[in-house]
Each structure stands twice: as C-alpha cells, then as structure tokens.
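This report concerns only the one structure given below.
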Amino acid sequence: MSQAPILPGATLGVMGGGQLGRMFVHAAQRLGYFTAVLDPDPHSPAGLVSHHHIQTAYTDAQGLQQLADVSAAVTTEFENVPAQALQALATRRPVAPGAACVAIAQDRIQEKAHFSACAARSGVGCAPHAVIQSEADLRAVPADLLPGILKTARLGYDGKGQVRVTTREELTAAWAQLKNVPCVLEKMLPLVAECSVLVARGHDGQVVSYAPQRNVHVGGILAVTHAYPGCLPAELAARAEAATKAIAQQIGYVGLLCVEFFVVQGAQGLDLVVNEMAPRPHNSGHHTIDACDHSQFDLQVHAMAGLPLPQPRQHSPALLLNLLGDIWFDAQGRERTPDWAQVLALPGAHLHLYGKTEARAGRKMGHLTLTGADVAGVQATARRCAELLGLPGLDT
Ligand code: ADP
Ligand code: MG
C-alpha cells in the first residue's frame, strides 16, 4: 500500500505510554508533529510528555475513537496491544505495524511458525521446539528437547512466563505452574552470545537497517548492549541483518522491527538461531538516539508517516547500560537517588530517565548510553559508570 506522506504539523498516535512511547513522542515532537498517547495510567511515561493523553483501556471503544479522531496515523509501543484494537483503528487511520504482524509477534507459536516459514529465505532457523497445548502434546515431547525452557505462548517478557526444566516430571509440573496455557518448549541451547537487529520498512517496501548489536541479559532482563564495529563477528552480523530484512519482508511489515538472535557453536563454527521479534523499537536499540544520525524512534515516525526512510549511520561506537530500579536501593533496602552528578561528569555519558515515579527491583527506569571517539574509550567510561552505579553485565 502506498500512502501520501503525513507531514509535520499533523498528530501521530501511539498505543501504550511506556518508555518506548515516550521516546517515540520525543522523536515525533522534534520533527514538529503533535502526539497522542492512549494509556490508562495517568502517570505513564509517554502520557506525561504528549500533547494528548487518552486515559482509557486499550480496548475501550470510545478511547480508540478519540485516538482515531485526533491522530493522522497510529503506531504501537508494546506488542501486547489487543489486535482487535489495532483492527478497529485501521478502519479509520493508517496503522503501522498492522494488526496481523503484531498478532504474530504476540504469540510464540505463530512467531516460530513465521520464522520457520522464512528460514529458506532468511537462512536462519529457530531453536528445536515443540508446541504444547494438550496433555497429548506434553506426552509427545521428544526426549532430545530436554533440558529445555518452557515458555508461555503469550504475554511473556523479560524472562517472565518461563520455566527451565530438565526432566519430564519437571516439564509436567512447569506446565501446571503456568496454568496449562498454550506453551512452547524450547531446547536449552548453549549460547555463545545474543544479538538483535533493528530494521525499518516503509509502506512502499523500502527497508533500511542498523548494524546488529550484542546483548547481555542478567536474570532474563537486558543489562548491556554493545554496539560498535567488532561487537560481533562480521559474517555473523551480516547474516543476522539479512535474515531480519527477510523476516520483515515476508509479512509485508511496516514500521520498526527488532529481531533477537542467539549465537551458538555449530559444527562449522558460530551459527545463528532466531529467538523472537518485537513489532516496535527495542531496548537494545536505545543507543541509536545518541550514536546514530537517525534513531530507531525517528525511523518509527518516518515509517508510520509514510516519509522516506534514510539509511541510518552510526557516528560513534556505543555501549548501552540499562538502569533498573534495583540501583535506587542501598544494601539495606533503603531508597536513594543514584549519583547522577558523577555519571554526568563523564564525557560521552548520555542519561535517559523515563519519568517513572516509583522504583522497583527489575523495573526499567532508564538507560545510559556511552559514546566516544573509540571503542576502548567507550568501554572504559562504561566500566566507570557500572562501578559508580553498581550495574551488572559488563564483564560478559
Ligand atoms: P523474553 O520474552 O523474556 O525476552 P526470551 O525468549 O527472549 O524471552 O528469553 C529470555 C532470555 O532467556 C534470552 O534472552 C536468553 O538469554 C534465555 N533463553 C531463552 N531461550 C533460550 C534457549 N532456548 N536456550 C538458552 N537460553 C535461552
Ligand atoms: Mg527476549
């Protein structure tokens, strides 16, 4: 579908008011757009900085009507936005990504089926797995999928909705623990590394991409992203980038897409396994704000508005450190404010806080992007920040 560009001065809408919505709003407003956020939370990070904030449930017909009334186009900042809400909006306004693409990303079963269908074109398959929706499925699980990770098909994030299992008995217990909802059992792979790729695809089929970044998770949550030449072997990075484009193209995706990969040791050297996709900007792409000439949020705006998609260029090596609520508490569990002044005195330290009023362990409160003239300098600044703030994951 081609669409006349929606130009600055118009209002762009977003479903969801989290930090991703907030950074989308910042990017849109910088370009001269007005913004509308739909999120029930009166203190949502994006709602707080948007021109319009519609405070209703995501399925509220009136709220959706209002969003469509004020917005020239609509996007989403979280994948669990109800598909029927996007469908309802799409009857009135261009919606990118579309409900069908978001629906695939919402469900690991569909997602894996999509990745498998793309494998011939993308050159990358998913981890060996089995779909578990019935007792019969459970009994039929092949022994070589154990040890494995049982993941709920829907609504998992940051390692939630997952149980690691070694035996059949554990598997049965884990499925019961997950309330016997549809699940995927994935073989536990010995990961050498993890990486992700961001691409943006326009209504006209044009695709641009960022170089893949290497991600380090701690306790199932992204802790560190390395984004500089050499953060991954070049051949592997090129394959991941090409695979991500194929995954976007095959479903006619419009918008910003992130695909996560595992790097594993294969018989012929390092190999890639595709893990999951996010139909929106991604935590592992936040460095693009400070290290690239166009951020992932800029490209989200371009794609939804039908503007041309410039190939982004990274102008600085970058390291991204996530700031979770844990660092708002001292060893005795007393709340404190991290020492931002010391961090902000460091060259190339870009602090992003999401405006969340309540810190909780594991809650994403902000991130730090370190940029600099060379990789060694950026790594040294990151180490200093990690030391000052007590951040994990940099040594991996
Ligand atoms: P989430 O939706 O929580 O991000 P993921 O499927 O990405 O779920 O899993 C979270 C993390 O758990 C991954 O980033 C990886 O570190 C680990 N993990 C997930 N699946 C596997 C697997 N099959 N083998 C080894 N590690 C895994
Ligand atoms: Mg993940």
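Using helices alone, what [θ] at 222 nm do you get for the chain, with -39,500 (n - 2.57) per DSSP H run of 4 or more residues, divided over all residues and rounded to the nearest 500?
Working: 12 runs with 119 residues, N = 396.
Only helices count here, giving -9000 deg cm²/dmol.
To the nearest 20 debye, what charge dipole does the chain have about its Cα centre, counting +1 at the Cβ of each Lys and Arg and -1 at the Cβ of each Asp and Glu? If you can, show how the numbers build up before the last one.
Values: 29 positive and 33 negative charges, 51 e Å.
With Lys and Arg at +1 and Asp and Glu at -1, about 240 debye.
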Across LYS151/LYS179; LYS151/LYS187; LYS151/LYS245; LYS112/LYS245; LYS112/LYS364, pairs whose alpha-carbon gap is larger than 18 Å: LYS151/LYS245; LYS112/LYS364
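Find the Rg to Rh ratio for the range 6-58, where Rh is the Kirkwood radius over alpha-carbon pairs and Rg uses the same atoms. All intermediate terms of the calculation are to be shown ahead of the outcome.
On the way: Rg = 10.0 Å, Rh = 10.5 Å.
A ratio of 0.95.
Report the full-extension gain for the segment LEU344 to PHE329: residue separation times 0.36 nm, less the Cα-Cα distance, to one decimal in nm.
Working: separation 15, 0.36 × 15 = 5.40 nm, distance 1.97 nm.
Taking 0.36 nm per residue and subtracting the Cα distance, the gain is 3.4 nm.
What Kirkwood Rh does the range 49-89 have if only Cα atoms enter the pairwise 1/r average? Answer in Å.
Details: mean 1/r = 0.0933 Å⁻¹.
The Cα-based Kirkwood calculation yields 10.7 Å.
Kindly put TRP328, TRP175 in sequence by how many other C-beta atoms sit within 10 Å of each C-beta, fewest to most.
Working: TRP328 19, TRP175 22.
So the ranking, lowest neighbour count to highest, is TRP328, TRP175.
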Ratio Rg/Rh, restricted to the range 164-220 and using Cα atoms, in which Rh is the Kirkwood radius: 1.18
Label-point gap, in nm, between ASP69 and ALA380 - each point 7 angstrom along Cα→Cβ: 5.8
Computed log₁₀ I(q)/I(0) - Debye formula, equal Cα scatterers, no solvent, the range 204-338, q 0.09, 0.12 Å⁻¹: -0.32, -0.54
Rough spin-label spacing in nm, given labels placed 7 Å along Cα→Cβ, for THR337 and ARG363: 1.7
nm² value of the averaged projected area, convex hull over the Cα atoms of the range 55-136: 7.6
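Quick check on the chain: of the DSSP beta bridges with both residues there, what percent are antiparallel, nearest 5%?
Numbers: 62 of 77 bridges.
Counting only bridges with both partners in the chain, antiparallel ones make up about 80 percent.
Hey, what D do you get for the range 185-258 in µm²/s if you plug the Kirkwood alpha-carbon radius into Stokes-Einstein at 20 °C and 1.002 mPa s?
On the way: Rh = 13.5 Å.
Calculated translational D: 159 µm²/s.
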Inter-label distance, nm, simple model (7 Å from Cα along the C-beta direction), HIS43/GLN249: 4.7
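Taking a cut-off of 19 Å, what percent of all Cα-Cα pairs in the range 261-396 are separated by more than that? Could you put the intermediate results ahead of the total?
Numbers: 5544 of 9180 pairs.
Counting every Cα pair in the range 261-396, those more than 19 Å apart make up 60 percent.
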Per-q log10 I(q)/I(0), the chain, q = 0.11, 0.13, 0.15 Å⁻¹ (Debye; single scatterer per alpha-carbon; no solvent): -0.82, -1.16, -1.49
Cα convex hull of the range 80-226 - mean projected area over all directions, nm²: 10.8
Within the range 119-138, backbone nitrogen closer than 16 Å to the virtual label 7 Å beyond the Cα of THR167 toward Cβ: none
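Provide CYS258, CYS183 in ascending order of the number of other Cβ atoms located within 10 Å of each residue's Cβ, fewest first. Spell out each step's value before the answer.
On the way: CYS258 23, CYS183 30.
Arranged by neighbour count, lowest to highest, CYS258, CYS183 become CYS258, CYS183.
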Leading residue at positive end of dipole, the range 138-179 (Cβ point charges), from PRO142, VAL165, LEU155: LEU155
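No lab work stands behind these numbers, since they all come straight from the coordinates. The model shown is predicted, which means the values in this text are computed figures rather than measured ones. As a convention, Cβ positions derive from the backbone with ideal geometry for all residues, glycine included, and neighbour counts pool all protein chains shown.
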